[in-house]
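Below: one structure, written as structure tokens.
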Amino acid sequence: FATSCGDGDTVNYCLMMMNKYMKFCSDIPEENTQKNEERAIVFYDIEVFPNLFLVNWKFRGKDKPVVRMINPTPNEIEDILRFNLIGFNNRDYDNHMLYAAYLGYTNEQLYKLSTRLVNKDKAVQRAAKIGEAFNLSYTDVYDFCVEKQSLKKWEIELGISHIEMGIPWDKPAPKKMWDKIIEYCKNDVLATEAVFNYRHEDWKARQILADLAGGKVNDTTRCICNIPIFD
């Protein structure tokens, strides 16, 4: 029905609604037979421009390199969905972008989704989120940390390399600047892992709370606390 909707923006909107509400068997990643605890942990971050969708990720460990994925295909996205994905504020943003890329969104569609997810209007944000995307990740470092602050503030507090991009988000990224964007994204991946390790006690508390409540470590603190622990 999308092609009968009219102009390009309307077509994109129709495609988004179709992907969001019409569920096909092929749209759902096959369930990994391994238990969550047995899968490798992967830290990840993304950057989005009208002409660039970048995914940087790494396995846990100081000696593990950061892998870059430039405008990845749905199959490439599917490959990393098999791991325990951990990001920073990923439940509200990165997960949805990753899921949309897995569904085959174009760069233009991904950029428009990104602008809706960061819109100051909370209603627009909520409408843009994809239900299935929340559970793509293993956990969200921002959510389980007791102290709430941005990743940039954590970088400053922990003395981690802090990189400023200085490139407008609403315009196509010049190819000569892609290396800088990749380095910026890589830095955020390393910072996410550093905060995860630094707030280890918060992480252990989340695991204990989720276990007591019968929830998942990817559930928000508010959600877990609303689960009755005793009948």
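Is it the case that residue 216 is out of contact with any strand residue (DSSP E or B) (no Cβ under 7 Å at 6 or more places or on another chain), surrounded by fewer than 18 Cβ atoms within 10 Å (Cβ to Cβ), at pLDDT 90 or above and not in a helix (DSSP H, G or I)? Yes, satisfied.
Set side by side, the residues 189, 195 differ, and just one is on the phi < 0 side of the Ramachandran plot, in contact with a Cys (Cβ under 9 Å, 6 or more places away or on another chain), part of a helix (DSSP H, G or I) and not charged (D, E, K, R), which is 195. Within region 192-212, the set of residues being without any contact (Cβ under 8 Å) to a residue 24 or more places away in the chain and crowded, with 17+ Cβ neighbours inside 10 Å comprises 209, 210. Where helices (runs of 4 or more DSSP H) fall entirely within region 94-178, those with at least 3 residues that are of a type outside the set (Ser, Thr, Tyr) and under 27 Å from residue 73 (Cα atoms) are at 94-103, 107-117, 122-128. Do we find a residue being among the aliphatic types (A, V, I, L, M), open to solvent by 10 Å² or more (accessible area, probe 1.4 Å) and either out of contact with any helix residue (DSSP H, G or I) (no Cβ under 7 Å at 6 or more places or on another chain) or closer than 15 Å to residue 45 by Cα (or both) anywhere in region 94-112? No, there is no match, as no residue in region 94-112 is among the aliphatic types (A, V, I, L, M), open to solvent by 10 Å² or more (accessible area, probe 1.4 Å) and either out of contact with any helix residue (DSSP H, G or I) (no Cβ under 7 Å at 6 or more places or on another chain) or closer than 15 Å to residue 45 by Cα (or both). Here 91, 68 are screened, and the one residue that is touching an Asp or Glu at 6+ places or on another chain (Cβ under 6 Å), modelled with pLDDT of 95 or more, under 27 Å from residue 163 (Cα atoms) and open to solvent by 30 Å² or more (accessible area, probe 1.4 Å) is 91.
The values are calculated or read from the model by the stated rules, or taken from the named source; none is laboratory data. Note that this is a predicted model, so its numbers are computed, not measured. Cβ sites come from the backbone with ideal geometry, for glycine too, and all protein chains shown count toward neighbours. Accessible surface is based on the protein model in full, side chains and every heavy atom, while ligands, DNA and RNA are left aside. Shrake-Rupley method; radii C 1.70, N 1.55, O 1.52, S 1.80 Å.
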